[in-house]
Amino acid sequence: MNQDPDFELYDNVGRTAEQIAAARSGRATRDDLLRWAARDAEQFLAEHPLPDEPLPAPDTAPYLAALAAARTPAEVSAVTQHLLDSAHPALSAVSDLLVAIARWDDRHRAAAPGSPPKALMEAASRSLSVLAIADEADLRVLRAEYDPAPPPPAPRPTPGAASGAIRVSGGLPPAPPSAPPAGPSPGH
């Protein structure tokens, strides 16, 4: 088969990289798969109509206004915690739906790791992880503000250091402090 080397270039004009790769490998693109599924689900959707509009987005203006006025970590935390509390019901509902999709027709029961049902279960878990990660970050800020780690203990003065004597190192490090005996002492 002797093709003009420019044929592929001109044939691919207007195609996306995904379309070109799919044509080379003989596989359908994402758009192809979704188009075919939409065609085959037309009757189903006529019987079970789903909303066409996206889920309502929260009004973030009050959060942004409060954040712009915040001056302390406590005030930023108040914004963060209110946002997380208000987002939890929506993210929880999405997570529950993803789990239901993964469990459809019991396909999740014998599913291998990385399979679509397992990936959906992971997506459900990660949708709620967003809240946990944000909460942990907020708590780390509050811990730094209200409960910082104690400073490291000051080094113990070495014998002779107070008198200005210089101690020459080279021996063994000092022995650790003796620990109290564990368990009952003999004879008690």
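The values are calculated or read from the model by the stated rules, or taken from the named source; none is laboratory data. Quick caveat, the model's predicted, so the values are computed rather than measured. In this analysis, Cβ positions are derived from the backbone assuming ideal geometry, glycine residues included, and neighbour counts consider all displayed protein chains. Surface accessibility is based on the protein's heavy atoms, side chains included, excluding ligands, DNA and RNA. Shrake-Rupley method; radii C 1.70, N 1.55, O 1.52, S 1.80 Å.
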Conditions (1) open to solvent by less than 60 Å² (accessible area, probe 1.4 Å); (2) under 30 Å from P148 (Cβ atoms); number of the one not met by S115
(2)
Single residue of A66, A23, A41, A70 found to be without any contact (Cβ under 8 Å) to a residue 24 or more places away in the chain, more than 27 Å from the chain's Cα centre (by Cα) and open to solvent by less than 60 Å² (accessible area, probe 1.4 Å)
A41
Residue under evaluation S95, criteria (1) more than 21 Å from P58 (Cβ to Cβ); (2) open to solvent by less than 70 Å² (accessible area, probe 1.4 Å); (3) part of a helix (DSSP H, G or I), criterion not met:
(1)
Run down D32, D4, D85 and say which single residue is at pLDDT below 90 and either touching a Cys at 6+ places or on another chain (Cβ under 6 Å) or in a helix (DSSP H, G or I) (or both).
D32
P152 versus (1) open to solvent by 80 Å² or more (accessible area, probe 1.4 Å); (2) touching a residue at least 40 places away in the same chain (Cβ under 8 Å): which is the lone unmet condition?
(2)
Consider the stretch 38-72. How many of its residues are modelled with pLDDT under 95 and of a type in the set (K, R)?
1
